[in-house]
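In what follows, a single structure is set out as structure tokens and then discussed.
The values are calculated or read from the model by the stated rules, or taken from the named source; none is laboratory data. The structure presented is a predicted model; accordingly, all values stated were derived computationally and were not measured. Cβ atoms come from the backbone with ideal geometry, glycine included; neighbour counts cover every protein chain shown. Just the protein is used for accessible areas: all its heavy atoms, side chains included, with ligands, DNA and RNA removed. Shrake-Rupley method; radii C 1.70, N 1.55, O 1.52, S 1.80 Å.
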Amino acid sequence: MTAEKKKITRKKIMATKEMKQIMADHYYELDSAVKSRDKKVAWCSSVGPAEILRSLGFYVYFPENHSAMLGASRMATDLIPYANAIGYSPEVCSYLTADVGAYLKKVTPLSKAYEGIKSIPRPDVVVFNTNQCRDVQDWMGFYAREFKVPLIGIHTHRGVNEVTETHVQSVAQQMKEMIAYLEKISGNTFDMNELKKVLSLSRECSDLWKEVLDTASNIPSPLTFFDGTIQMAPAVCLRGTQIAVDYYKLLLKELKDRIKNHEGAVDGERFRLYWDGMPIWGRLRAHSELFASQRACIVASTYCNSWIFTGFNISYPFKSMAMAYTELFIVRADEAKEKYLKEMIDFFKIDGVIYHDCKTCPNNTNSRYGMPQRLEEETGIPSLVINGDLNDLRCLSDEQFITNVEAFTEQLEVKKE
Ligand code: SF4
């Protein structure tokens, strides 16, 4: 993809070097836990009950982070057909199909990134929460059968407008009921003080991550959505640890310095955009350069915001975890989502909204039931719907993407004049 006509300099975030190191440590720790059998490994869906697992002494592995790596390294598209061949439709989540395909072909981007790691870490248990979609249940179910380990799930209400006491009680109860099974697998006894300690670190991580993302409300914005998709890794994989907290303090300091120096992530920032839906992992760099060439900064996204859990409260751990994991954008009805998006449009001073109609993730696609039209009418902020996919690059036309984005920024320019 050759989007830019003029030279685009992408501004590097210096803290990323540190992040790469802590992510390497995370994967080496998992690898050595499996090799030495000294710690149990739990696999967990990305907005699953990581805090409970960590408090019971599990090392936690997130298959979604692995599949995003498959996407970003552009291995995913070639691996998806292997999962299709054993019955997983090309229409279902391409995180699932790419990851299962990689497993069947015995390849992993971890081997390339981290010398000495030969495979993904074998689980002792796999855990999911259907708050984001049913696909995580099927995905984790595949591995539970393959590795012959227990599969434990939380079943969350979806399409929720207001989160009520009934929703919260149901999820909190399911979380409590997991404990006895997890104690047996981990060999450790549940300790409420340990859960509170982990939950408090998760909350601190979430607050700092929110502060990081909120820096983009400044003009010019010190970071882009594309930076966010990289910087979110510790919030996903290491929430509940001091390591993630320390990292976001470091990152926040760098972004605050940028704000002080009026240094924008995009040179000559002219348009401020919002991205709704999944990233297109195999095109992060190309898209980042394309938008920068249009002097457009994608300042915020529902995707990166999904790891903000302001509901966590150590005074009532289970109830607050149930609340935080059910309040998430992806769990909610369009009415609640639209209210949230209007707040984001105001807060981040948005000129235009981009909706990614993601072929294999209807769960994180919000353009199919009239939302862009309704919001445009209410806010007067133009929007663009683009077709693509998170991991399957066959669902994306690069030429059409460029044409659409260029036409959209022209439309925004006219509106500004
Ligand atoms: S939310 Fe979408 S991308 Fe994520 S696991 Fe579910 S279907 Fe896949």
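Which of the residues spanning the range 327-337 are among the small types (Gly, Ala, Ser) and not in a helix (DSSP H, G or I)?
Ala333
If you scan the range 133-143, which residues turn out to be of a type outside the set (Phe, Trp, Tyr) and open to solvent by less than 20 Å² (accessible area, probe 1.4 Å)? Talk me through it step by step, then tell me what you get.
Restricting attention to the range 133-143, the residues satisfying the condition of being of a type outside the set (Phe, Trp, Tyr) are 133-138, 140-141.
Within the range 133-143, Cys133, Val136, Met140, Gly141 qualify.
Six or more apart or on different chains, Cβ under 8 Å: which pairs go from a residue in the range 94-120 that's in contact (Cβ under 8 Å) with a residue 60 or more places away in the chain and open to solvent by 10 Å² or more (accessible area, probe 1.4 Å) to one that's charged (D, E, K, R) and away from the ligand (no atom under 16 Å from the Cβ)? Could you list them?
Tyr114/Asp31; Gly116/Asp31
Could you pull out the residue among Ala244, Ala324 that is in a helix (DSSP H, G or I) and touching a Cys at 6+ places or on another chain (Cβ under 7 Å)?
Going through Ala244, Ala324 in turn, just one is in a helix (DSSP H, G or I) and touching a Cys at 6+ places or on another chain (Cβ under 7 Å): Ala244.
Could you say which residue among Tyr355, Tyr369 is closer than 30 Å to Asp99 by Cβ, touching a residue at least 12 places away in the same chain (Cβ under 8 Å) and in contact with a Pro (Cβ under 7 Å, 6 or more places away or on another chain)?
The match here is Tyr355.
Take the residues in the range 243-286 that are of a type in the set (Gly, Ala, Ser) and in contact with a Lys or Arg (Cβ under 7 Å, 6 or more places away or on another chain); name whichever of them is farthest from the ligand (Cβ to nearest atom). Please lay out each step first, then the result.
Step one: list which residues in the range 243-286 are of a type in the set (Gly, Ala, Ser), which gives 244, 264-265, 268, 277, 282, 286.
Next, only the ones that are in contact with a Lys or Arg (Cβ under 7 Å, 6 or more places away or on another chain) stay: 265, 268, 282.
Numbers: Ala265: 26, Gly268: 34, Gly282: 14 Å.
The extreme case among them is Gly268.
Taking Ile308, is it within 16 Å of the ligand (Cβ to nearest atom), touching a residue at least 12 places away in the same chain (Cβ under 8 Å), closer than 22 Å to Cys133 by Cβ and open to solvent by 10 Å² or more (accessible area, probe 1.4 Å)?
no
Write out, first by first residue and then by second, each pair whose Cβ atoms fall under 9 Å of each other, whose residues are 6+ apart or on separate chains, and whose first residue, in the range 75-86, is aromatic (Phe, Trp, Tyr) while the second is in a helix (DSSP H, G or I) and buried (at least 22 other Cβ atoms within 10 Å of the Cβ).
Tyr82/Thr97; Tyr82/Val100; Tyr82/Gly101; Tyr82/Ala102
Is one or more of the residues making up the range 172-184 touching a residue at least 24 places away in the same chain (Cβ under 8 Å), under 23 Å from Met278 (Cβ atoms) and either within 16 Å of the ligand (Cβ to nearest atom) or among the acidic types (Asp, Glu) (or both)?
No: the range 172-184 contains no residue that is touching a residue at least 24 places away in the same chain (Cβ under 8 Å), under 23 Å from Met278 (Cβ atoms) and either within 16 Å of the ligand (Cβ to nearest atom) or among the acidic types (Asp, Glu) (or both).
Restricting attention to the range 379-417, which residues are among the acidic types (Asp, Glu) and surrounded by fewer than 16 Cβ atoms within 10 Å (Cβ to Cβ)?
Passing the criteria: Glu399, Glu406, Glu410, Glu413, Glu417.
Residue-wise test of (1) surrounded by 15 or more Cβ atoms within 10 Å (Cβ to Cβ); (2) in contact with a Pro (Cβ under 6 Å, 6 or more places away or on another chain).
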{"site": "Asp25", "(1), (2)": "no, no"}
{"site": "Leu30", "(1), (2)": "yes, yes"}
{"site": "Arg37", "(1), (2)": "no, no"}
{"site": "Glu51", "(1), (2)": "yes, no"}
{"site": "Leu56", "(1), (2)": "yes, no"}
{"site": "Tyr61", "(1), (2)": "yes, yes"}
{"site": "Gly71", "(1), (2)": "yes, no"}
{"site": "Asp78", "(1), (2)": "yes, no"}
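For the range 328-366, what are the residues that are within 16 Å of the ligand (Cβ to nearest atom) and of a type in the set (D, E, K, R)?
Of everything in the range 328-366, those that are within 16 Å of the ligand (Cβ to nearest atom) and of a type in the set (D, E, K, R) turn out to be Arg332, Lys337, Asp357, Lys359.
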